[in-house]
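The values are calculated or read from the model by the stated rules, or taken from the named source; none is laboratory data. Quick caveat: nothing in here was measured; it's all calculated off a predicted structure. Note: ideal-geometry Cβ built from the backbone for every residue, glycine included; neighbour counts use all protein chains shown. Quick note on the areas: whole protein, heavy atoms, side chains included, nothing else; ligands and nucleic acids left out. Shrake-Rupley method; radii C 1.70, N 1.55, O 1.52, S 1.80 Å.
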Amino acid sequence: MDYGLKGQVAVITGSTSGIGLGLAEALAAAGVDLVLNGLGDPAVIEATRAGIAARHGVRVQYHPADMTRPDEIADLVTSTVTAFGRLDILINNAGIQHVAPIEDFPLDAWDRIIAINLSSTFHASRAAIPPMKAAGRGRIVNIASAHALVASPFKSAYVAAKHGVAGFTKTAALEVAQAGLTVNAICPGFVKTPLVEAQIADQAKARGISEEAVMRDVILAAQPTKAFVTVEQLAGLLLYLCSDAGASVNGAMLSVDGGWTAA
Ligand code: NAD
């Protein structure tokens, strides 16, 4: 399908792994030039960057901005505009998780989750909105979560941050609505990425049950389909939102969760 995105430029935070990497691949396949970002082994990141560029014939750069550092986040955006001459799509995707009861929740884990999962979305959007407004068109897509809409125990920082992303998404959407920009959030259910795989052991410890029981009774228990959401399913919605057909979808929290939040 042609989404009309060829030649556009996207920044995707946290795109060295999981959902961000999958969305990067889908945008590249649609002809979008990319700036990747995220943590990891520099050699692996370079192989990833070169691989996407070669597979899809697009330009791909990498920027090492730490999503806890507002100055580095702003530089990720402004240096993209300088290098490519435009910025059409910003995907705020970087995120981390920590699972623990509130009374035991480490203070540094709370601060890091709020910084990476919530504040980085503000800092990147703050830098991206002026060039998008100047161009008269732009798409900001925040990768929130079903946990932007409902809660689960032992995820206080994550749920608070993702509910914050929901509020930020709606506010930003109202502010840019007449400038040709849209701001939306995709709210995935569980997708089998390294972030979820790491939670299985943590949840087992916090709940005092086996890892098998966490998979069966906690993770997939939340999803009526009893199946993980795939990155390809998220990419389909992302490409639609970025296309001209998505121009009137603004300020929306779009669930891709197999029915989890319908309950
Ligand atoms: P992941 O762990 O596979 O990827 C996270 C990415 O964020 C990586 O590229 C990592 O390097 C990057 N990152 C982490 N800390 C960073 C920092 N300080 N600076 C820059 N980059 C940093 O996780 P994922 O499952 O792909 O999650 C991606 C997003 O999707 C997150 O916002 C997450 O909350 C959200 N999400 C995931 C699921 C799921 O089930 N996997 C469900 C709903 C929402």
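Structure notes:
- From the list Asp2, Asp41, the lone residue that is surrounded by fewer than 21 Cβ atoms within 10 Å (Cβ to Cβ) and outside the structural domain of Asp75 (by TED's automatic domain parsing) is Asp2.
- When the stretch 10-34 is filtered for residues that are within 21 Å of Ala185 (Cβ to Cβ) and open to solvent by less than 10 Å² (accessible area, probe 1.4 Å), the ones remaining, listed by number, are Ala10, Val11, Ile12, Thr13, Ser15, Gly20, Leu23, Ala24, Leu27, Val32, Leu34.
- Test: residue in the stretch 46-60 that is over 24 Å from Ala247 (Cβ atoms) and in contact (Cβ under 8 Å) with a residue 60 or more places away in the chain: no
- All conditions but one from (1) surrounded by fewer than 17 Cβ atoms within 10 Å (Cβ to Cβ); (2) among the small types (Gly, Ala, Ser); (3) within 15 Å of the ligand (Cβ to nearest atom) apply to Ala50; the one that does not is (3).
- Applying a threshold of 7 Å to beta carbon distances and a minimum spacing of six or more residues, or different chains, the list of pairs starting in the stretch 178-200 at a residue that is more than 18 Å from Ala161 (Cβ to Cβ) and at pLDDT below 95 and ending at one that is open to solvent by 30 Å² or more (accessible area, probe 1.4 Å) and more than 10 Å from the ligand (Cβ to nearest atom) reads Ile200/Glu211; Ile200/Met215.
- Qualifying residues in the stretch 57-84 (those that are within 20 Å of Thr121 (Cβ to Cβ), charged (D, E, K, R) and part of a loop (DSSP other than H, G, I, E, B)) - the one farthest from the ligand (Cβ to nearest atom): Arg69
- Among the residues of the stretch 85-107, those that are open to solvent by less than 20 Å² (accessible area, probe 1.4 Å) and away from the ligand (no atom under 12 Å from the Cβ) comprise Leu87, Asp88, Ile89, Leu90, Val99, Ala100.
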